[in-house]
Amino acid sequence: MGLRRTLRDTEPFNLLPEDSFNTLSLVAVSKKYPPHTHIISQHDSPTGFLYVISKGLVEIVALTPGGSEMVVDYRREGSFFGSTPVFTNEPYTAGARTVQETECFLIPSQALTQVANQYPHITEYFTKAIFSRVRRLYSDIVRDYGGKALTQMEAYPFQKRLSEIMSAPVEICNSTASVKSIAKQMAAHSIGAILVSDAQDEIKGIITEHDLVSKVLASEHVDCQQPTAADVMTPRPFTMSSETYMYEATSFMIAHKIKHMPIVDAEKIVGIVSLRDLMRYRSQKSMLLVGSIKEATTIAELSTARTEVVKVARALLSESRSPIETMEILSYIHHCILKKGYDLALEGLLSEGVTPPKIKFCFIIMGSGGRKEMLLGPDQDNGFIYQDYPDDQHEMVENFFNWFGEKLADAYETIGYPRCNGGVMGSNPFWRGRLKDWKWRVSDWINNPEPKKVMYSTIFFDFMPLAGDSVLCEELRDIVYQQIREFPLFLYHMMEQDFKHKVPLGLLGRFSVERNKEHKGMLSLKQAGSVFIVDCIRMYLLENQLDASTTIERLKCLVEARVFNPDTAEHIKAAFEAFTFLRLRNEINLIEQGKPPSHYLNPYDLTKNEQDLLKEGFRAASKLQDSARRHFNVG
């Protein structure tokens with residue numbers, strides 16, 4: 001990728017005129033770095049360049065207090081690093097290490113500052129990035145926590161992507177190649193699998209050692225000289241993209257008993273990964289956890305797996321990677337447990353001779369589960385959508401789902417997911433129904449926005465399918481959007497619920513803590529912090545009829561739709577990460593003390609830096625709340 005093209009597609013350079021691209025291109029130099037090479041190290045003096053990646057992958061690494069390096073970010077083609085000294089002349093605040101062979105454009109600092117002097121938005125962009133207080137405080141605290149945790153336990157890189165560990169380039173043969181030549185090729189390269197492709201890197205099949213043994217060597221009726229690749233390959237194998245997370249790939253490969261997985265981007269072969277590759281990056285404990293969920297045959301086994309989730313959370317947090325990724329991974333594990341629990345409960349009914357009605361239905365989860373933002377103490381928020389069956393089937397359908405809903409709620413409670421205090425569960429007839437029933441229900445909430453109905457909607461609007469016919473879920477979402485288009489004033493009523501509450505900061509910057517007996521002297525990181533961000537972002541998403549699951553994905557969509565500018569979005573994201581990190585760390589500590597997880601904590605038990613971080617997070621949430629009030633003209 002050329003420097004001009006890269007800069008045209010990269011903020012903040014994308015706003016520069018053509019002559020600036022020419023200026024920078026004339027003075028920039030291109031340099032290649034081999035894999036696992038430090039381009040710059042933390043605390044090094046400035047090299048005098050901004051590094052723009054034209055090809056490859058770079059880890060941004062930070063030193064723990066104990067002197068160990070940990071990965072805090074990844075930069076891919078089109079990204080840049082090493083900007084801090086250009087505008088501050090201070091040493092590097094983090095290092096940069098290549099993951100694979102990488103090529104960079106090196107832009108001299110002097111040329112960059114000359115362009116920035118002409119176009120102040122360049123300096124403004126980098127200055128904001130450097131001096132974002134909430135981000136800086138958060139990074140310092142996470143690094144410190146990670147350093148302490150790494151001295152106590154093994155880190156599990158759950159969140160690595162396949163692009164970071166896959167083998168590339170891939171050994172390929174065409175479909176007419178003889179089995180003998182294929183065996184020689186595999187032996188020469190010491191590989192256990194080879195991909196079959198006749199043209200343009202499009203995959204036709206895969207041949208493994210097992211294929212050669214079972215289909216050729218072990219067969220008494222096959223002449224080893226005769227078969228070709230087309231005869232022994234497994235056609236149309238499962239594939240994954242290079243952006244797939246390791247935990248997803250491992251879980252899938254275990255479930256499908258696959259040892260080799262081709263990696264395909266835009267229908268082109270880009271690499272291959274083996275289960276052995278994944279095992280090198282995964283501890284036996286974490287492998288057993290995911291595997292035990294997939295292989296569980298009883299509710300008791302799922303209950304045991306549920307208790308192990310805190311160990312995974314602690315391991316993930318110790319790597320000092322984004323707690324947003326950690327939260328998404330924990331949600332994935334919770335979803336696996338919930339889906340397996342659903343399957344076992346349904347199998348139990350079938351074994352008792354109870355037959356489900358012959359209708360299409362979908363089991364949905366809502367709230368934090370629907371946003372993929374579950375931490376360590378989620379309760380049950382779920383329901384059922386049915387197709388529009390005739391009224392004369394209603395009694396039969398409801399009899400089954402009354403029974404199944406109770407069985408499911410009991411199973412989840414046994415596994416370790418408490419019943420919802422508000423009864424937001426499929427065992428409650430209010431949270432199940434035909435599409436037309438849901439349409440009436442949503443219409444009632446929207447057209448008669450009483451406080452309780454608005455509260456229902458804030459839980460419900462984050463729904464996603466977990467089992468059954470997901471098309472019903474898509475149709476229900478269309479109904480929600482249609483109702484909001486017809487009565488947009490509902491968004492204002494929804495926001496009013498948030499505006500009744502303020503972030504817990506007094507005029508002098510002191511925390512406003514709870515006075516009731518149960519939580520005296522404490523504050524809620526959820527109800528007093530992250531909920532404002534979640535709710536406000538959801539409202540903007542609904543207003544713009546956009547579809548995204550997580551709060552961070554929604555924020556990204558809103559930036560792309562030009563509802564938020566990137567600087568504002570980054571500030572909100574940093575605050576949300578800070579709340580999530582502090583809350584997750586608090587839940588881990590409580591569980592390890594034998595207490596139930598909670599989003600309540602005493603802010604004065606935190607360090608000075610952590611208190612400052614919490615205050616900055618609250619201020620960011622308050623600013624978002626104020627901007628939403630102005631936007632929706634409430635109050």
(message) Among the residues that make up region 529-539, is at least one of them assigned to a helix (DSSP H, G or I), surrounded by fewer than 18 Cβ atoms within 10 Å (Cβ to Cβ) and touching a residue at least 12 places away in the same chain (Cβ under 8 Å)?
(response) no
(request) Would you mind finding the one in Ala548, Ala561 that is over 15 Å from Glu616 (Cα atoms), in the same structural domain as Pro465 (by TED's automatic domain parsing) and touching a Cys at 6+ places or on another chain (Cβ under 7 Å)? (result) Ala548
(request) Give region 452-470 a look and list any residue that's assigned to a helix (DSSP H, G or I) and in contact (Cβ under 8 Å) with a residue 40 or more places away in the chain, or say none. (result) Val454, Met455, Thr458, Ile459, Phe460, Ser470
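A quick yes/no check of all residues on (1) in contact (Cβ under 8 Å) with a residue 60 or more places away in the chain; (2) farther than 30 Å from Gly353 by Cα; (3) in a helix (DSSP H, G or I):
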site	(1), (2), (3)
Arg419	no, no, no
Gly426	yes, no, no
Gly433	no, no, no
Lys439	no, yes, yes
Gln483	no, yes, yes
(message) Considering only residues that are more than 28 Å from the chain's Cα centre (by Cα) and either buried (at least 19 other Cβ atoms within 10 Å of the Cβ) or farther than 26 Å from Leu541 by Cα (or both), which ones fall in region 604-635?
(response) Tyr604, Asp605, Thr607, Lys608, Phe632
(message) Contact list please: Cβ distance under 6 Å, first residue in region 554-571 and closer than 22 Å to Glu328 by Cα, second residue among the small types (Gly, Ala, Ser) and buried (at least 17 other Cβ atoms within 10 Å of the Cβ), pairs at least six apart or on different chains.
(response) Leu555/Ala569; Val559/Ala569; His571/Ala620
(message) Considering only residues that are more than 17 Å from Lys339 (Cα to Cα) and out of contact with any helix residue (DSSP H, G or I) (no Cβ under 8 Å at 6 or more places or on another chain), which ones fall in region 464-481?
(response) Val471, Glu474, Arg477, Asp478
(request) Report whether or not Arg97 is closer than 19 Å to Asp44 by Cβ, basic (Lys, Arg), within 25 Å of the chain's Cα centre (by Cα) and modelled with pLDDT of 90 or more. (result) yes
(request) Scan region 47-79 residue by residue and report those that are at pLDDT 90 or above and within 21 Å of Phe126 (Cα to Cα). (result) Thr47, Gly48, Phe49, Leu50, Tyr51, Val52, Ile53, Ser54, Val58
(message) Is it the case, given these coordinates, that Leu212 is crowded, with 16+ Cβ neighbours inside 10 Å, modelled with pLDDT under 90 and out of contact with any strand residue (DSSP E or B) (no Cβ under 9 Å at 6 or more places or on another chain)?
(response) yes
(message) As an exercise: evaluate Asn516 against (1) without any contact (Cβ under 8 Å) to a residue 24 or more places away in the chain; (2) part of a helix (DSSP H, G or I) and give the number of the one condition it does not meet.
(response) (2)
(request) Of the numbered conditions (1) more than 22 Å from Pro356 (Cα to Cα); (2) outside any helix (DSSP H, G or I); (3) under 31 Å from the mean Cα position of the chain (by Cα); (4) touching a residue at least 40 places away in the same chain (Cβ under 8 Å), Pro449 fails exactly one; give the number of that condition. (result) (3)
(request) Give me a count of the residues in region 490-509 that are in contact with a strand residue (DSSP E or B) (Cβ under 8 Å, 6 or more places away or on another chain) and assigned to a loop (DSSP other than H, G, I, E, B). (result) 1
(message) Quick check on Ser20: is it assigned to a strand (DSSP E or B), among the small types (Gly, Ala, Ser) and in contact (Cβ under 8 Å) with a residue 12 or more places away in the chain?
(response) no
(message) Tell me yes or no: at least one residue of region 184-201 is hydroxyl-bearing (Ser, Thr, Tyr) and within 30 Å of Glu77 (Cα to Cα).
(response) yes
(message) Considering only residues that are within 12 Å of Leu523 (Cα to Cα) and of a type in the set (Lys, Arg), which ones fall in region 571-614?
(response) Arg583
(request) Within region 233-250, identify whether any single residue is more than 28 Å from Arg76 (Cα to Cα), touching a strand residue (DSSP E or B) at 6+ places or on another chain (Cβ under 9 Å) and of a type in the set (Ser, Thr, Tyr), and answer yes or no. (result) yes
(request) Please state which one of Thr244, Thr234, Thr250 is polar (S, T, N, Q), surrounded by 12 or more Cβ atoms within 10 Å (Cβ to Cβ) and modelled with pLDDT of 90 or more. (result) Thr234
(message) Tell me whether region 601-608 contains one or more residues that are in the same structural domain as Leu489 (by TED's automatic domain parsing), of a type outside the set (S, T, N, Q), within 19 Å of Met494 (Cβ to Cβ) and part of a loop (DSSP other than H, G, I, E, B).
(response) no
(request) Test Ser242 against the criterion of being under 40 Å from the mean Cα position of the chain (by Cα), among the polar types (S, T, N, Q), under 30 Å from Glu328 (Cβ atoms) and in the same structural domain as Lys268 (by TED's automatic domain parsing), and give yes or no. (result) yes
(message) Taking the criterion of being charged (D, E, K, R), under 30 Å from the mean Cα position of the chain (by Cα), assigned to a strand (DSSP E or B) and within 17 Å of Pro262 (Cα to Cα), would at least one residue in region 163-173 satisfy it?
(response) no
(request) Name the single residue, out of those in region 348-369 being at pLDDT 95 or above and outside any loop (DSSP other than H, G, I, E, B), that is surrounded by the most Cβ atoms within 10 Å (Cβ to Cβ). (result) Ile365
(request) Evaluate the following for Ala621: is it closer than 21 Å to Ala315 by Cβ, in the same structural domain as Asn516 (by TED's automatic domain parsing), in contact with a Gly (Cβ under 8 Å, 6 or more places away or on another chain) and hydrophobic (A, V, I, L, M, F, W, C)? (result) no
(request) Looking for whichever is under 20 Å from Ser241 (Cα atoms) and out of contact with any helix residue (DSSP H, G or I) (no Cβ under 8 Å at 6 or more places or on another chain) here; the options are Ile207, Ile191, Ile203. Which one fits? (result) Ile203
(request) Kindly indicate which of Asp201, Asp223 is surrounded by fewer than 19 Cβ atoms within 10 Å (Cβ to Cβ) and at positive phi. (result) Asp201
(request) Just name the residue that is modelled with the lowest pLDDT out of those in region 1-46 that are aliphatic (A, V, I, L, M) and over 18 Å from Ser109 (Cβ atoms). (result) Met1
(message) Looking only at residues that are surrounded by 16 or more Cβ atoms within 10 Å (Cβ to Cβ) and among the basic types (Lys, Arg) in region 141-188, which one is modelled with the highest pLDDT?
(response) Arg161
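The values are calculated or read from the model by the stated rules, or taken from the named source; none is laboratory data. Keep in mind the model is a prediction, meaning the values are calculated, not measured. A quick note on method: Cβ atoms are made from the backbone with ideal geometry, for glycine too, and the neighbour counts reach across all protein chains shown.
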